[in-house]
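Take a look at the structure below.
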Amino acid sequence: MHYSFPEGFWWGSASSAPQTEGESLSHGKTPTIWDHWFRLQPERFHHGVGPAQTSTFYEHWKEDIALLKALNHNTFRTSVSWARLIPDGTGAVNQEAVAFYNQVIDELLRQGITPFINLFHFDMPLSLQEQGGFENRKVIDAYEAYARTCFELFGDRVTHWFTFNEPIVPVEGGYLYDFHYPNVVDFRRAATVAYHTMLAHARAVKAYRERNDGGEIGIILNLTPSYPRSQNPADVKAAHIADLMFNRSFLDPALRGSYPEDLVALLSQYDQLPACQPGDKELLAAGVVDLLGINYYQPRRIQCRDSQVNPDSPFMPEWFFSAYEMPGRKMNPYRGWEIYEKGIYDILTRLRVEYGNPRCYISENGMGVENEQRFEQDGQIQDDYRIAFVRDHLKWLHKGLSEGSRCLGYHMWTFIDNWSWCNAYKNRYGFVSLDLESQKRTIKKSGEWYRQVAAKNGFDE
Ligand code: FCB
């Protein structure tokens, strides 16, 4: 069968500044929470490898863009580093950073690759985290000023903007489950950070629209379809709560401009609602996006907890549900995540049926592999498993398109193997492999395959 995609479909990949640039404490850049946390607790990072060890995009940007071109990308996402552009978090702009991002944007355009620019990818400047990060409303002002600066500097050429990547992740990681700095475990604070993040998002959307630059602005959400273990009402309800907390807490304000009533009712029942101020409601309503980026890796398999309320623990989502091991589900043998290709179709279908079929694209999807070097033959990684992974997800995306979804493109995570937070280089994700010592880049078999898919705007199977 031949799978062809609509004309102009976006073929590309995604990355981020903190995971690729390097030069993390030089050329004017100040520390983010990652630089700081690594200084405090290097043992929390795989093999003690911190945010300074990257694929050095700051130096190799030209070569990397040539590689993107070689892979036939017509689009590419990366982010701007707030702590590089505005080293104090607010105020003076670092001109060296402006020159750097200008070069990157101009070179992408020169190569016919549309830059998609995201403003925040987990990299809170430390100076602002010291003021409470997004727990503090003043940081919303700082974020808006940063967003305005980016639009002002680059908005004449950048037409695809995103406010946040996976905004739930710093909330979960930093305030619930201890896998991001500041390592707090407190639901109320988590809810406040989530709420303020969405207000910051809406401020940026408003600021962008006021400019009339003619481009579009969106947000990138990691959506995790939540499937109940059984159709018994308790499991169904538990899956519904997981969905409210981890998907709809950002999806509804992004697409409908307001929070789900069920979520508000649940949090107020347990006295966990963040404090609102006059004007917030209108602001959120103004934050409805032009374009939704969907990151999809794996679903959530949910079962109801036996005892729902534990008065001795802080309020946690686990009051209501927990994950369960589903026998027979397909796993990635090299990383331990579930592979469920149909999830991508379920997301697109839900958006079409329940959310008015918004313009969207797959902004991340990919497969991490531990010790990937073992698959090297004659100098190239033979990652047939990644080809199968991408192809099978594309088939389900294609089915979504044939049923009317407005999915405009596909970005694989990621272009070159990069630094992945606490996992550092444990799992490799790229179309291009990276030798960390020599910085040599080599296109993997999957990169060669994707080059053809992009050239033909489809594939045969
Ligand atoms: C996503 C992040 C991205 C990368 C991949 C593996 O959650 O957006 O930065 O770490 O996971």
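In the stretch 242-258, is there at least one residue being outside any helix (DSSP H, G or I) and touching a Leu at 6+ places or on another chain (Cβ under 9 Å)? Quick ask: steps written out before the conclusion?
Going residue by residue through the stretch 242-258, those that are outside any helix (DSSP H, G or I) are 257-258.
Within this subset, residues satisfying the condition of being touching a Leu at 6+ places or on another chain (Cβ under 9 Å) are 257-258.
Looking for residues that are outside any helix (DSSP H, G or I) and touching a Leu at 6+ places or on another chain (Cβ under 9 Å), one finds at least one in the stretch 242-258, hence yes.
Scanning the stretch 156-179 for residues that are part of a strand (DSSP E or B), of a type in the set (S, T, N, Q), within 16 Å of the ligand (Cβ to nearest atom) and more than 15 Å from Arg209 (Cβ to Cβ) turns up at least one hit. Picking from residues in the stretch 421-435 that are within 13 Å of the ligand (Cβ to nearest atom) and among the polar types (S, T, N, Q), the one that is surrounded by the most Cβ atoms within 10 Å (Cβ to Cβ) is Asn427. Scanning the stretch 333-356 for residues that are surrounded by 15 or more Cβ atoms within 10 Å (Cβ to Cβ) and within 21 Å of His160 (Cβ to Cβ) yields a total of 5.
Got a sec? Which helices (runs of 4 or more DSSP H) wholly within the stretch 1-98 have at least 2 residues that are farther than 27 Å from Leu394 by Cα?
Numbers: elements: 17-20, 33-40, 57-70, 82-85.
Where helices (runs of 4 or more DSSP H) fall fully within the stretch 1-98 and carry at least 2 residues being farther than 27 Å from Leu394 by Cα, they are 33-40, 57-70, 82-85.
Against the definition (away from the ligand (no atom under 15 Å from the Cβ), modelled with pLDDT of 95 or more and of a type in the set (A, V, I, L, M, F, W, C)), how does Leu119 come out, yes or no? Here the answer is no, as Leu119 does not meet what is asked. Evaluate the following for Tyr146: is it part of a helix (DSSP H, G or I), closer than 23 Å to Gln131 by Cβ and either modelled with pLDDT of 95 or more or of a type in the set (Gly, Ala, Ser) (or both)? In short, yes.
Can you tell me which residue is farthest from the chain's Cα centre (by Cα) among those in the stretch 365-379 that are away from the ligand (no atom under 16 Å from the Cβ) and among the acidic types (Asp, Glu)? Reasoning before the result, please.
The initial filter retains those residues of the stretch 365-379 that are away from the ligand (no atom under 16 Å from the Cβ), namely 371, 373-379.
Filter once more, so that each one left must be among the acidic types (Asp, Glu): 376, 378.
Values: Glu376: 29, Asp378: 34 Å.
Here the answer is Asp378.
Only one of the numbered conditions (1) within 27 Å of Leu71 (Cβ to Cβ); (2) over 21 Å from the mean Cα position of the chain (by Cα); (3) in a loop (DSSP other than H, G, I, E, B) is violated by His121, and that is (2). With respect to the conditions (1) surrounded by fewer than 24 Cβ atoms within 10 Å (Cβ to Cβ); (2) touching a residue at least 12 places away in the same chain (Cβ under 8 Å), Glu210 lacks only one, and its number is (2).
Restricting attention to the stretch 76-85, does a residue exist that is under 27 Å from Ser438 (Cβ atoms), more than 16 Å from the ligand (Cβ to nearest atom) and at pLDDT 95 or above? Yes, the stretch 76-85 contains a residue that is under 27 Å from Ser438 (Cβ atoms), more than 16 Å from the ligand (Cβ to nearest atom) and at pLDDT 95 or above. Look at the stretch 127-142: where a residue is in a loop (DSSP other than H, G, I, E, B) and a partner is surrounded by fewer than 17 Cβ atoms within 10 Å (Cβ to Cβ), sitting 6+ places away or on another chain with Cβ atoms under 7 Å, you get Gln131/Lys138. Answer with yes or no whether Phe250 is touching a Pro at 6+ places or on another chain (Cβ under 6 Å), closer than 18 Å to Ser363 by Cβ and either free of Cβ contacts under 8 Å to residues at least 24 places away in the same chain or not basic (Lys, Arg) (or both). Taking the combined requirement at face value, the residue satisfies it.
State all residues of the stretch 20-40 that are over 20 Å from Gly133 (Cα atoms) and of a type in the set (S, T, N, Q); if no residue qualifies, say none. Listed by number, the residues that qualify are Thr20, Ser26. Scanning the stretch 390-420 for residues that are within 19 Å of Gly293 (Cβ to Cβ) and within 13 Å of the ligand (Cβ to nearest atom) gives His411, Met412, Trp413, Thr414, Phe415, Asn418, Ser420.
For Asp262, state whether it is without any contact (Cβ under 8 Å) to a residue 60 or more places away in the chain, outside any loop (DSSP other than H, G, I, E, B) and touching a Ser or Thr at 6+ places or on another chain (Cβ under 8 Å). Don't jump to the end; show me each part of the working.
Values: without any contact (Cβ under 8 Å) to a residue 60 or more places away in the chain: yes; outside any loop (DSSP other than H, G, I, E, B): yes; touching a Ser or Thr at 6+ places or on another chain (Cβ under 8 Å): no.
No; evaluated as a whole, the condition is false for this residue.
Scanning the stretch 213-247 for residues that are farther than 30 Å from Arg305 by Cβ, more than 16 Å from the ligand (Cβ to nearest atom) and buried (at least 21 other Cβ atoms within 10 Å of the Cβ) turns up just one, Ile217.
Meeting the requirement of 1 or more residues that are within 16 Å of the ligand (Cβ to nearest atom) and closer than 24 Å to Leu199 by Cα, the strands (runs of 3 or more DSSP E) wholly within the stretch 285-364 are 291-295, 360-364.
The values are calculated or read from the model by the stated rules, or taken from the named source; none is laboratory data. Note that the structure is predicted; figures quoted are calculated from it, not measured. When we count neighbours, we look across all protein chains shown, and the Cβ atoms used for this are built from the backbone with ideal geometry, even at glycine.
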